[in-house]
Amino acid sequence: MSNLLYDKEIKCLLCDEKFIVQMIRNSKLAVSKRDTDFCNYYTNEENPYFYEIWVCPHCGFAFTASFKPLKPAQKEVVYHEYSKRATNTKLKKERDIEDAIYAFKLALICAGLSGQENVIIASLLLRLAWLYRFQDNKEEEEKYLAKAAEAFQVVYEKGDPLKNP
């Protein structure tokens with residue numbers, strides 16, 4: 001296992017079960033370059049974007065440290081619309097780019113269903129675009145960059161409608 005990774009116990013926002021996630025030691029990261037949209041490239045063997053999404057092994061809920069706690073009504077929606085149907089939510093301990101892309105897509109679904117702020121959804125879309133950039137998949141990168149730009153535009157122009165109805 002990489003010396004950049006360490007285990008941390010967290011509690012799922014949906015089912016309240018505790019589980020272990022892989023975290024990156026930020027103090028040991030070295031940025032080799034940064035794109036104009038703030039996408040960082042690292043000299044290290046591990047990419048912190050790969051571990052940004054936590055996927056609960058008990059219920060499959062995918063989230064980040066930025067997600068807000070769920071209210072009972074939000075939990076009910078996620079249980080009904082996602083958790084009962086979620087399959088293949090187990091990821092390898094050390095992730096590759098395919099695992100990271102899959103985790104971000106799960107997190108986008110969970111963010112939408114659980115009513116997370118639009119800025120969180122926009123950030124997920126942007127990071128997903130970056131993952132496709134790392135793969136040199138221009139079509140998917142541009143698709144998610146456009147979605148992220150649209151989401152950030154809404155947040156900029158109107159504030160966050162979920163936060164300021």
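The values are calculated or read from the model by the stated rules, or taken from the named source; none is laboratory data. Not measured: the values here are computed from a predicted model. Glycine also receives a Cβ, built like all others from the backbone with ideal geometry; neighbour counts cover every protein chain displayed. Note: areas computed on protein heavy atoms with side chains; ligands, DNA, RNA excluded. Shrake-Rupley method; radii C 1.70, N 1.55, O 1.52, S 1.80 Å.
Structural remarks
- Candidates 127, 95, 133: the one that is within 17 Å of the chain's Cα centre (by Cα), basic (Lys, Arg), surrounded by 13 or more Cβ atoms within 10 Å (Cβ to Cβ) and at pLDDT below 95 is 95.
- Here 104, 67 are screened, and the one residue that is over 25 Å from residue 41 (Cβ atoms) and modelled with pLDDT of 95 or more is 67.
- For region 141-153, the criterion of being closer than 28 Å to residue 76 by Cβ and in contact with a helix residue (DSSP H, G or I) (Cβ under 9 Å, 6 or more places away or on another chain) is met by at least one residue.
- Out of 146, 107, 111, one residue alone is in contact with a strand residue (DSSP E or B) (Cβ under 7 Å, 6 or more places away or on another chain) and either part of a helix (DSSP H, G or I) or closer than 20 Å to residue 14 by Cα (or both). It is 107.
- Note on region 63-78: residues that are in a helix (DSSP H, G or I) and open to solvent by less than 80 Å² (accessible area, probe 1.4 Å) amount to 5.
- Selection count where residues are among the charged types (D, E, K, R) and either in a strand (DSSP E or B) or surrounded by fewer than 12 Cβ atoms within 10 Å (Cβ to Cβ) (or both), scope region 1-25: 5
- Of all residues in region 26-56, those that are assigned to a strand (DSSP E or B), among the hydrophobic types (A, V, I, L, M, F, W, C) and open to solvent by 50 Å² or more (accessible area, probe 1.4 Å) total 1.
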